[in-house]
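Chemist: One structure is given below, represented as structure tokens, and several questions about it will come after.
The values are calculated or read from the model by the stated rules, or taken from the named source; none is laboratory data. A quick note: this is a predicted structure, and the numbers were derived from the prediction, not measured. Cβ: placed from backbone, ideal geometry, glycine included. Neighbour counts: every protein chain shown.
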Amino acid sequence: MFRTRGRRPSPAVLIALLALVLSVAGPALAHDASGFAARVISGRTIKQHSISGVRLKNNTLTGLQIDEAKLGPVPTAANAVTAQTATSALNAVNAASAGTAASATTAGSADELAGHARFFERASATSGASLTAALAASPELPLAQVGAVGLYARCLRDTSGGPDVHALIYVRSTVPGGVLDGPDSKLQGSTAGDTLGPATAEPGRQIRSVTAAGPDAARFAGGAPGAFSLVTGDGVAFSGQVALGAQEGAPPGAATAFAAGSGCIFSGTLERTGG
């Protein structure tokens, strides 16, 4: 009896058989491998700081994985925060400056906030058929305000005569019971009607006046004769000095300080001196 020697399978046959086995068993092996990885690999088994950002898939992290409260500002955000702070600070400075400017404008001068006021004003004359009519028609021209005491002026033109232009400066106080010593008026406080306050008639509060008797005339008055002093009813002292001028028509060679035509100029100071 003869025995037939078996031949070894060729490499091609072996590869084909291996491919067949893998194709049948591959899904089961892959499933077992993934299950094994899920059981073995977790957050506790991964070394801290061992995974770099390049290993992560782009645009896969969201707010669920990131604690935004612990994030610091990125450089651009830091600049934005700085810019916002600077803008807020600038707005605050501007607001403060605006408030101060508004107060200064209301008072007429920034110095008035510190108890001292200076003024210079021009005004056109308001005409009237008589001195009384011209006075009634002329508006008040505010000059200065320090505390309860203020100065204002009137510029009027009486056409019943020359005509004549009158420049007048008055004082007023919102506090009753004051006393006044001025070039044109003295209120000594000897009687109830002899005091400076809200109810005092305007002629009793006149500080100084000048008249340009026309036509084409000008007159200016200043210096020490324009000094005045007063004390309000609550014991606050004030002093000041006023100068004023009037012009009627167009006098030859008239001072350039006057505006064209009939009008007035007013200047001076008002100061709180005590109390």
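Chemist: Can you tell me which residues in the stretch 191-216 are crowded, with 18+ Cβ neighbours inside 10 Å and either over 21 Å from Leu131 (Cβ atoms) or aliphatic (A, V, I, L, M) (or both)?
Modeler: Thr195, Leu196, Gly197, Ile207, Val210, Ala212
Chemist: Does Gly235 satisfy being modelled with pLDDT of 95 or more and in contact with a Pro (Cβ under 7 Å, 6 or more places away or on another chain)?
Modeler: It is false that Gly235 is modelled with pLDDT of 95 or more and in contact with a Pro (Cβ under 7 Å, 6 or more places away or on another chain).
Chemist: Does any residue of the stretch 147-161 turn out to be within 38 Å of the chain's Cα centre (by Cα), within 20 Å of Pro251 (Cβ to Cβ) and part of a strand (DSSP E or B)? Steps first, please.
Modeler: Within the stretch 147-161, the subset within 38 Å of the chain's Cα centre (by Cα) is 147-156.
Retained after the next criterion (residues that are within 20 Å of Pro251 (Cβ to Cβ)): 155-156.
Pick out the ones that are also part of a strand (DSSP E or B) and you get 155-156.
Yes: the stretch 147-161 contains one or more residues that are within 38 Å of the chain's Cα centre (by Cα), within 20 Å of Pro251 (Cβ to Cβ) and part of a strand (DSSP E or B).
Chemist: Let me ask another. Would you tally the residues in the stretch 191-207 being closer than 13 Å to Leu151 by Cα and among the polar types (S, T, N, Q)?
Modeler: The number of residues fulfilling the criteria is 1.
Chemist: Then there's this: Tell me, yes or no, whether the stretch 134-143 has at least one residue that is in contact (Cβ under 8 Å) with a residue 12 or more places away in the chain, surrounded by fewer than 21 Cβ atoms within 10 Å (Cβ to Cβ), out of contact with any His (no Cβ under 9 Å at 6 or more places or on another chain) and assigned to a helix (DSSP H, G or I).
Modeler: Looking for residues that are in contact (Cβ under 8 Å) with a residue 12 or more places away in the chain, surrounded by fewer than 21 Cβ atoms within 10 Å (Cβ to Cβ), out of contact with any His (no Cβ under 9 Å at 6 or more places or on another chain) and assigned to a helix (DSSP H, G or I), one finds at least one in the stretch 134-143, hence yes.
Chemist: Could we say that Phe266 is within 18 Å of Thr211 (Cβ to Cβ) and at pLDDT 95 or above here?
Modeler: yes
Chemist: Against the conditions (1) crowded, with 20+ Cβ neighbours inside 10 Å; (2) in contact with a strand residue (DSSP E or B) (Cβ under 6 Å, 6 or more places away or on another chain), where does Ala237 fall short? Just the number, please.
Modeler: Of the numbered conditions (1) crowded, with 20+ Cβ neighbours inside 10 Å; (2) in contact with a strand residue (DSSP E or B) (Cβ under 6 Å, 6 or more places away or on another chain), the odd one out for Ala237 is (1).
Chemist: Which one of Val146, Val171 is touching a residue at least 60 places away in the same chain (Cβ under 8 Å), crowded, with 23+ Cβ neighbours inside 10 Å and out of contact with any Pro (no Cβ under 6 Å at 6 or more places or on another chain)? Reasoning before the result, please.
Modeler: Values: Val171 fails: touching a residue at least 60 places away in the same chain (Cβ under 8 Å).
Selected residue: Val146, the only one of Val146, Val171 that is touching a residue at least 60 places away in the same chain (Cβ under 8 Å), crowded, with 23+ Cβ neighbours inside 10 Å and out of contact with any Pro (no Cβ under 6 Å at 6 or more places or on another chain).
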